[in-house]
Amino acid sequence: MDTKAINSILHDTLGIKKEIIALKLAKKKPAGIREYGELNNICYMMGEVLEEKKTFYTILKDHVCTLGCAATGLDPALRQMDDTAQKENEEYHVTTVNIFPTEEIQAWAEHEADILFPKFHETYEAVIMGPLGDVPEPDVLLLFGIPEQIHLLTRAYCYAVGTFIKGYAGMGACRMLLPLAFINKEPVFTISDRAWRRALTLAPDELTLATPPDKLFIMLENLDKVR
């Protein structure tokens, strides 16, 4: 199934409004694609893909949020952070951006995340991102739609393969989505968090679905059978 057919079904048939974001992990900086080259959060980088249809690659030094680094394999064990930097990061999330009310609760959330989400065991130098069709052989696609649209896609997949798809709510949409899609190669959805919703300008009724391309093909091939 080519990009034109995918976009036709998603946008024209299902009525999904936003661009489909394609992501690919790279062991080395890719040739022929520009580097992002600025400091930002990964969700706001993705927002630029949606708003401006940019295609670029991003490396570890471009990132100001540790979650995006761990969720994409740029720094799986957060090795770039010593104890002092880790402490500053925790204080920032509590006192500045109010992700959690106390550092103790944040620590518990990290413990829960360690249990729920898979971890990268290898390090990648770059993450390539851009609109579907502009990233060669993507590993993961991000779709944004209302519950009925996401329902139809996930139902079509479950109908065809007889399995279930996980969904998450909480803090850190990137870590709730990307490791499961990249590492376990599973579709997964989230209602997302505050930063994700702002960065990607999600409407109040929009969800995010992350899926490997081959799983999306299954969804689209079976869509007519579950409507």
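Under a 5 Å amide H cut-off, with hydrogens placed 1.01 Å from N, L207 pairs with G145, I146 among residues at least 5 apart or on other chains.
What FRET efficiency do you get for V64 and D214 if R0 is 30 Å and r is their Cβ-Cβ distance, rounded to the nearest 0.05? For V64 and D214, the calculated efficiency is 0.35. Placing +1 on the Cβ of every Lys and Arg and -1 on the Cβ of every Asp and Glu, with no other charges, gives the chain a dipole of roughly 660 debye about its Cα centre. Compute the distance from the alpha-carbon center of region 132-187 to that of region 24-65, in whole Å. Result: 20 Å between the Cα centres. Within straight-line reach of K29, meaning a Cα separation under 12 Å, sit the following aspartates and glutamates at least 8 residues removed in sequence or on another chain: E125. Relative contact order of the chain: 27 percent, from C-alpha pairs under 8 Å at least 6 residues apart in sequence.
Each Lys or Arg adds one and each Asp or Glu takes one away; over the other residues whose Cβ falls under 11 Å from the Cβ of I165, this sums to +2.
Under a Gaussian network description of the chain, with springs only between Cα atoms under 10 Å, the residue in G172, G162, G130 that fluctuates furthest is G162. Computed extension gain for F164 through E148, at 0.36 nm per residue and net of the alpha carbon distance, reaches 4.1 nm. Amide H contacts under 5 Å for C65: I42, restricted to partners 5 or more places along the chain or on a different chain, H placed in the peptide plane at 1.01 Å from N.
Taking T72, T154, T123 as the candidate residues, the one with maximal mean-square fluctuation in a Gaussian network model of the chain, Cα springs under 10 Å, is T123.
In the chain, the calculated helix contribution to ellipticity at 222 nm averages -11000 deg cm²/dmol per residue, counting -39,500 (n - 2.57) for every DSSP H run with n ≥ 4.
Per-residue Karplus couplings for region 132-144, computed as 6.51 cos²θ - 1.76 cosθ + 1.60 with θ equal to phi - 60°, are listed in order as 3, x, 9, 10, x, 6, x, 8, 9, 10, 10, 10, 10 Hz, Gly and Pro entered as x. If R0 is 45 Å, the Cβ-Cβ spacing of R227 and I105 corresponds to a FRET efficiency of close to 0.60.
Pairs over the 29 Å Cα-Cα cut-off, from the set K18/K225; K61/K119; K17/K119: K17/K119.
Of P118, P213, P147, the residue with the greatest mean-square motion in the GNM of the chain, using alpha carbon springs below 10 Å, is P147.
Throughout, read-outs are computed from the coordinates displayed, never taken from laboratory work. The structure presented is a predicted model; accordingly, all values stated were derived computationally and were not measured. Don't worry about glycine lacking a Cβ; one is built from the backbone with ideal geometry, like all the others, and counts go over all protein chains shown.
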